[in-house]
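Quick notes on the structure that follows.
The values are calculated or read from the model by the stated rules, or taken from the named source; none is laboratory data. Since we're looking at a predicted model, the values are computed, not measured. Neighbour counts are summed over all protein chains in view; Cβ atoms, including those assigned to glycine, are modelled from backbone coordinates with ideal geometry. Just so you know, the surface numbers come from the protein's heavy atoms only, side chains and all, with ligands and any DNA or RNA stripped out. Shrake-Rupley method; radii C 1.70, N 1.55, O 1.52, S 1.80 Å.
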Amino acid sequence: MTTLTPPELAAALERLPRFPLAATPTPLEELPRLAGELNVPRLLVKRDDLTGLAFGGNKVRMLEYFVGDALAQGCDVFVGGGGAAQSNHARLCAAAARRAGLDPVIVMRTGTESAGDATGNRLVTELLGAEIRWLDKDPEMRDRFAASTFMDELAAELEAAGRRPYVLYSSVHALGIAAYLWCALELAAQLDALGIEKATVVATSEGSVTAALLLGARLLGRDWQVRGVSCRPFAEDDAERLPHQLTELAEQAAELIGVKGPLTAADFDLVDEGAPAYGTASEETWHVISQCARTDALLLDPVYTGKGMTGLVRMIRTGQVPDGRTPVFVHTGGLPALFARRGTR
Ligand SMILES: *Cc1c(COP(=O)(O)O)cnc(C)c1O
């Protein structure tokens, strides 16, 4: 398989419609005190929580291309889906739509309008003035497409009213994977600058982030071991189903930039590290969250990033990061969820 040079990959990505939203490149930082506690020479964090827009996160990079696509199609309403009230995706869809002058409509597939306080992500989504529709259809958060039919009906209604809606069923999407190749490009350049050739790259992800990091590593010819840690307990068939779904999406993403998809399902290393439920963190994860805060003042959240870092800490502790590989955690954001809590439980 042919590899691309970084300028070739960047040029291919520049050919797709893009609306600028993200403050990039995001920093690659050292976590020296955490590395010391874990007995590794070095531990790095890619700060994609600092992408800038409305408290940031991984999805800002993806929304540059989703909004770019919406504008290229002449749309005036952005219909995006959220998983639950504390959805980062919902917050960022609403913010990205506002930046581009599109009206945000958010469909939440779990939860109800009255459930709980409007705090954290939900507070921000409401402040952004998004119209929120509640479905209450997927309490276990297993089916990213549980709201798709409803979104189609909503789009038909909007069209009948003379609007031009853009519908994004999920951020797990070929265009989202292509967009997130920018993170791989930046990381490759940042690791080169530090003289690091072999890395173990871990994120909380069972979707676009892992697919893009793997695809990016392969296209750029990098020796990265990539692992995605799930934010929720796997359903029985997930370990089998997700790699196939992502391989197909990564293939479509590769096509978007004019290359042949190089990945197979066997390339994916997606793990369920035993999170009790989607929005809940284990005691071990709360321990890791406070360890990161106390050592290097790195803040993580209990819904997503705390779980991925738990996975990386476990890999280090159990010798799954071989000598000579530098562990890199990709911080995907999600911090507003911290402000939807009282106390560290
Ligand atoms: C959406 C999200 C992820 C995971 O994205 P994938 O599509 O599963 O890769 C990780 N962290 C945060 C904070 C998110 O909002």
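Protein heavy-atom surface of segment 171-211, 1.4 angstrom probe: 56% of the accessible area is carbon and sulfur, with nucleic acids and ligands not counted. Springs between Cα atoms under 10 Å define the GNM used for the chain, and in it the highest mean-square fluctuation of Leu219, Leu38, Leu263 occurs at Leu38. Dividing the summed helix terms, -39500 (n - 2.57) for each DSSP H run of n ≥ 4, by the number of residues in the chain produces a 222 nm estimate of -13000 deg cm²/dmol to the nearest 500. Mean sequence separation of contacting Cα pairs (under 8 Å, at least six apart), scaled by the length of the chain, corresponds to a relative contact order of 21 percent. Taking packing as the residue-averaged number of other Cβ atoms within 10 angstrom, the listed peptides 65-73, 88-96, 103-111 run from highest to lowest as 88-96, 103-111, 65-73.
Just the protein heavy atoms count here, and of the accessible area of segment 59-167 at 1.4 Å, carbon and sulfur take up 48 percent. For the chain, the solvent-accessible area with a 1.4 angstrom probe is 41 square angstrom per residue.
Computed packing ranks the peptides 293-300, 244-251, 200-207 as 200-207, 244-251, 293-300, most packed first, by mean other Cβ atoms within 10 Å. Result for the chain in a Gaussian network model with C-alpha springs under 10 Å: among Leu312, Leu123, Leu181, the largest mean-square fluctuation is at Leu123. The lysine pair tally for the chain, using Cα distances under 21 Å and a gap of 8 or more places or different chains, is 4.
Note on the chain: with a GNM built from Cα contacts shorter than 10 Å, the maximum mean-square fluctuation among Ala212, Ala179, Ala54 falls on Ala54. Segment 201-277 and segment 318-334 have their alpha-carbon centroids 16 Å apart. Candidate membrane-span-like segments in the chain, meaning DSSP H helices with Cα atoms spread over at least 15 Å of their own axis and a Kyte-Doolittle mean of 1.0 or above, are 174-193, 208-220, with no membrane implied. Ranking Phe145, Gly111, Gln86 by Cα position along the charge dipole of segment 59-167, where only Lys, Arg, Asp and Glu carry charges on their C-beta atoms, puts Gln86 farthest toward the positive end. Near Leu270, within a Cβ-to-Cβ distance under 15 Å, what is the net charge of the other residues, with Lys and Arg +1 and Asp and Glu -1? Computed value for this residue: -3.
Counting only protein heavy atoms and a probe of 1.4 Å, the accessible surface of segment 269-345 is 52% carbon and sulfur.
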